Amino acid sequence: MDFNTLFFGLMIIGSLAVFFYFGKYRASSKQRNRTDKIDWTVSLWSKLRSKKKKD
Amino acid sequence: MARHRALQMFGRSGNPAFRSKAFTQRSSDFSTSEVMTLSGTVNKTGFYLLLCFMTAAWTWNQLYSGADVGIYLWGGLGGGLIAALVTIFKPTLAPYSAPIYALLEGFMIGGISAIFESMYPGIVIQAVGLTFGTLATLLMAYKTGLIKPTENFRLMLFAATGGIALLYLVNFIMMFFGSSIGFIHSNGLFGILFSLGVVAIAALNLVLDFDFIEEASEHGAPKYLEAYGAFSLLVTLIWLYLEILRLLAKLQSRN
């Protein structure tokens, strides 16, 4: 096994481990308790349309 | 189920946006088994990645055994597009259409990867490593609050992603007339900078996916959105992988 395969192989395993482990935890309170969060309840289209109407 | 139908999305799957009614439905509206969870989404993402890997490995082996893989490549691309459109416009079908999308995209990715590997040995494992490395790094950056997705961030990414899509579409149409936009494929400085920019935009789309998944599961969104969230992540990952593969190929072709 050459160095390229070993290095990137370990990178894949490590990254997937991080994803499957930390992906299941909630984000930090710093992330969740922001006031400027994305409002996913409003579509970007309707937001752009309402902005256009205002202008 | 009627309530679920109220849920509508728009745009590219990596950037789903919800109209007010269904997203704001609380977990109390559903039984616990019907509610989206973070772990459910992560598990589904893993399952779809596995499906994608299986068909990719199959096409890869076919190509290396000398078989013609054109039908898998184009079939995977066309079928994957149809499955993606079904998932985007009918999210309630995501638990069925997303695995089909993963399987079909695997056929395409396996073929493309094998072609690149035969031209530049060792490139595929580098691209896969960098893709998952980016996924893990951005996940940590998002979870710790280092990257904060805001409305402006979403708008900027939407515009940038739309611009790239338009550019690729124009290039695709030009190919029918025996021409193309030169710098997209060039291995010169501008071509590499363009690829780097596209990789960065594809990577930042992952942050939007994380935010959508986090918010939807926190609001107790319906269970089928687990499949939709995993599908969004898969679409972005496949895009990111292909762009990284192209960037690496450009860099290696300079040697």
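The values are calculated or read from the model by the stated rules, or taken from the named source; none is laboratory data. Bear in mind that the values here come from a model prediction, so they are computed numbers and not experimental data. All Cβ positions, glycine included, derive from the backbone under ideal geometry; neighbour counts span all protein chains shown.
Would you please name the residue that is farthest from the chain's Cα centre (by Cα), looking only at residues in the stretch B:166-218 that are of a type in the set (Val, Ile, Thr) and within 14 Å of chain A (Cβ to nearest Cβ)? The extreme case among them is B:ILE213.
Per the conditions (1) in contact with a Leu (Cβ under 9 Å, 6 or more places away or on another chain); (2) at pLDDT below 95; (3) buried (at least 16 other Cβ atoms within 10 Å of the Cβ); (4) assigned to a helix (DSSP H, G or I), the sole criterion not satisfied by B:GLU105 is (2).
Restricting to the stretch B:144-165, name every residue that is part of a helix (DSSP H, G or I) and over 20 Å from the mean Cα position of the chain (by Cα). Matches in the stretch B:144-165: B:GLU151, B:ASN152.
Being more than 7 Å from chain B (Cβ to nearest Cβ) and either modelled with pLDDT of 95 or more or outside any loop (DSSP other than H, G, I, E, B) (or both) is the filter here, so list the residues in the stretch A:15-40 that pass it. Hits for the stretch A:15-40 are A:ALA17, A:TYR21, A:SER29, A:ARG32. Just one of the listed residues (B:ILE125, B:ILE100, B:ILE82) is hydrophobic (A, V, I, L, M, F, W, C), in a helix (DSSP H, G or I) and closer than 30 Å to A:PHE3 by Cβ, and it is B:ILE125.
Count of the stretch A:41-55 residues, restricted to those that are facing another protein chain (nearest Cβ under 8 Å), among the small types (Gly, Ala, Ser) and in a helix (DSSP H, G or I), is 1.
Taken together, the residues in the stretch B:114-142 that are of a type in the set (Gly, Ala, Ser), more than 16 Å from the chain's Cα centre (by Cα) and more than 8 Å from every other protein chain (Cβ to nearest Cβ) amount to 3. Tell me yes or no: at least one residue of the stretch B:83-94 is β-branched (Val, Ile, Thr), within 14 Å of chain A (Cβ to nearest Cβ) and surrounded by 15 or more Cβ atoms within 10 Å (Cβ to Cβ). Yes, the stretch B:83-94 contains at least one residue that is β-branched (Val, Ile, Thr), within 14 Å of chain A (Cβ to nearest Cβ) and surrounded by 15 or more Cβ atoms within 10 Å (Cβ to Cβ). Answer yes or no: is there a residue in the stretch A:21-33 that is surrounded by 13 or more Cβ atoms within 10 Å (Cβ to Cβ), out of contact with any strand residue (DSSP E or B) (no Cβ under 6 Å at 6 or more places or on another chain) and farther than 19 Å from B:THR41 by Cβ. No.
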